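The values are calculated or read from the model by the stated rules, or taken from the named source; none is laboratory data. Everything numeric here is computed off the predicted structure, so don't read it as measured data. Here Cβ is always computed from backbone atoms with ideal geometry, including for glycine, and neighbour counts include all displayed protein chains. For the accessible areas, the whole protein counts, side chains as well, though only heavy atoms, and no ligand, DNA or RNA atoms are used. Shrake-Rupley method; radii C 1.70, N 1.55, O 1.52, S 1.80 Å.
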2 protein chains.
Amino acid sequence: MTERYAFIVSDRTGITAETMGHMLLSQFPHLQFKTVPLPFVDTDDKAEDAVRRINMTAAAGGPPLIFATLVDDKIRETISRSNGVFFDLFNQFLGPLERALGSESSHTVGRSHGVVDPLKYTSRIAAVNFSLRTDDGVHVADYGQASLIIVGVSRTGKTPTCLYLALHFGTFAANYPLTVKDLDAGHLPRHIGNYRHKVYGLTIEPERLMQIRQERFAKGSYAQLNQCRYEVAQAEALFRRDKIPHLNTTSKSVEEIATTILYRAKLKRDLL
Amino acid sequence: MTERYAFIVSDRTGITAETMGHMLLSQFPHLQFKTVPLPFVDTDDKAEDAVRRINMTAAAGGPPLIFATLVDDKIRETISRSNGVFFDLFNQFLGPLERALGSESSHTVGRSHGVVDPLKYTSRIAAVNFSLRTDDGVHVADYGQASLIIVGVSRTGKTPTCLYLALHFGTFAANYPLTVKDLDAGHLPRHIGNYRHKVYGLTIEPERLMQIRQERFAKGSYAQLNQCRYEVAQAEALFRRDKIPHLNTTSKSVEEIATTILYRAKLKRDLL
């Protein structure tokens, strides 16, 4: 199948355009796309360069797509004159938004990811440090500060979920891996049980768990299906017995696990 | 100043709508917004609930704004009939995109963040594990596997940058904090010098560094301006002498540091 080119053109990091382009293209799972990020297109020369790169690909598989968040009118116009199909993510909404708000926009480059709000920076860094400090069941004495304690057997996605929550929402999320001792006992260890109201469980299909574990450790019973089945069954029984809300992560991305927990646990969600 | 309500309505995680809404609202820095995420609006009942919540706020400071990524036609229509100003992030572009591609979209909920590609999951987790394993100058024996080694004095943003790169782009990024011994010596330690082609330096204004350090450690010389000035000056001299490309992080967000390094170091950038 021929790949269609999709350019992500932005005057800054391109994160917004990339996320939006990704969402739109994912609605065409039967097509193949080659995504080319062109961030920091913030001068006329760079805009002309971008146009040359876009036009060079125009032959392959039809005109390239362009997902753009460009604030500067002149740069936007330059890019729109390329041979690509131009999706103007910025302007398409900014005009109507100005009218709705009865206010002019600042048309300032890099407002969303570029300008640092020191308070937000601090809460993000504090949350990342908290996640790292309390990762993998250590420093349980700090659980008082946690908004969330994620528990589950090894390799259910606890660590990336905590880090994602910290980086994006400044959530203080600790994580505790259920040990064989905990699973045999059938209940949470006492020092976590005291914080039961902020505990959230992760579970997973044993077959998928085995696959994930085998990718890292080939040896021992750890990655064997029997062991995975035992651990998952015991963990789920523990969640039910201790009335711990829990989520099956088998077919979920880290973003989805993170936002689902925030939603279900009714926790604050403010994008940093 | 009256806050204007901005609802982020999505049938799934709402990450795309949130990022896009955030970018658009950041163009009105003189206005105050109260952002309310309404993720997982995937049934008619939840759509009706969302409309009630939106309409309840309609009195405060003018009609609320709605940034929506809703795939289902009926749910989208329900939300659009609320008293808010509806920004249809999905449909506004999907029609033109279908025409450009000559292909129908799947109109499937949760394609972008929800369905897990096991290969992508694996590379993301492997990258997060690599970042954690090589954080703060440990496991330097693994530097051969790194795509990037971020160096800088303590508290310049190395760790969150590495974690962001791992989570979003699957980049294997290690980080090494320049010690006073390294700074006095005026060059990178030998075990890093061997990988000089993948080293990227972070620097920062000494005043901002002092502020960040004081937020965590009030005591000792560590957070004193003299010390911060000395460390930053020595680190910058080292970068110049060893011809290490470097970036000043003072007014940059973690996203911006991460994507700027990928861009300047010409590293692969594929959103996971």
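Brief remarks follow.
- Scanning the stretch A:241-268 for residues that are of a type in the set (Lys, Arg) and outside any loop (DSSP other than H, G, I, E, B) returns A:ARG241, A:ARG264.
- Restricting attention to the stretch A:167-221, the residues that are within 24 Å of the chain's Cα centre (by Cα) and among the β-branched types (Val, Ile, Thr) add up to 5.
- For the stretch A:75-99, a residue qualifies if it is among the hydrophobic types (A, V, I, L, M, F, W, C), in a loop (DSSP other than H, G, I, E, B) and touching a residue at least 24 places away in the same chain (Cβ under 8 Å), and exactly one does: A:LEU89.
- Residue check: A:PHE86 meets all listed conditions (1) aromatic (Phe, Trp, Tyr); (2) under 24 Å from the mean Cα position of the chain (by Cα); (3) more than 7 Å from every other protein chain (Cβ to nearest Cβ) but one, namely (2).
- Within the stretch A:53-74, the set of residues being touching a Phe, Trp or Tyr at 6+ places or on another chain (Cβ under 6 Å), outside any loop (DSSP other than H, G, I, E, B) and of a type outside the set (Val, Ile, Thr) comprises just one member, A:PHE67.
- So A:PRO37, is it closer than 24 Å to B:GLU98 by Cα and open to solvent by 20 Å² or more (accessible area, probe 1.4 Å): yes
- Counted residues, the stretch A:219-272 - those being of a type outside the set (Gly, Ala, Ser), more than 14 Å from every other protein chain (Cβ to nearest Cβ) and open to solvent by 40 Å² or more (accessible area, probe 1.4 Å): 15
- Taken as a whole, the condition of being in contact with an Asp or Glu (Cβ under 8 Å, 6 or more places away or on another chain), facing another protein chain (nearest Cβ under 9 Å), over 30 Å from A:THR161 (Cβ atoms) and open to solvent by 70 Å² or more (accessible area, probe 1.4 Å) does not apply to B:GLU98.
- Among the residues of the stretch A:31-52, those identified as assigned to a loop (DSSP other than H, G, I, E, B) and facing another protein chain (nearest Cβ under 9 Å) are A:LEU31, A:PRO39, A:PHE40.
- Breaking point among (1) more than 11 Å from chain B (Cβ to nearest Cβ); (2) assigned to a loop (DSSP other than H, G, I, E, B); (3) open to solvent by less than 30 Å² (accessible area, probe 1.4 Å), for A:PHE28: (1)
- Top-ranked residue of the stretch A:185-218 - restricted to ones that are polar (S, T, N, Q) and outside any helix (DSSP H, G or I), ranked as most open to solvent (accessible area, probe 1.4 Å): A:ASN194
- Scanning the stretch A:102-130 for residues being at pLDDT 85 or above and touching a Leu at 6+ places or on another chain (Cβ under 8 Å) gives a total of 4.
- Test result for A:ILE150, surrounded by 18 or more Cβ atoms within 10 Å (Cβ to Cβ), in contact (Cβ under 8 Å) with a residue 60 or more places away in the chain and either touching a helix residue (DSSP H, G or I) at 6+ places or on another chain (Cβ under 8 Å) or among the aliphatic types (A, V, I, L, M) (or both): yes
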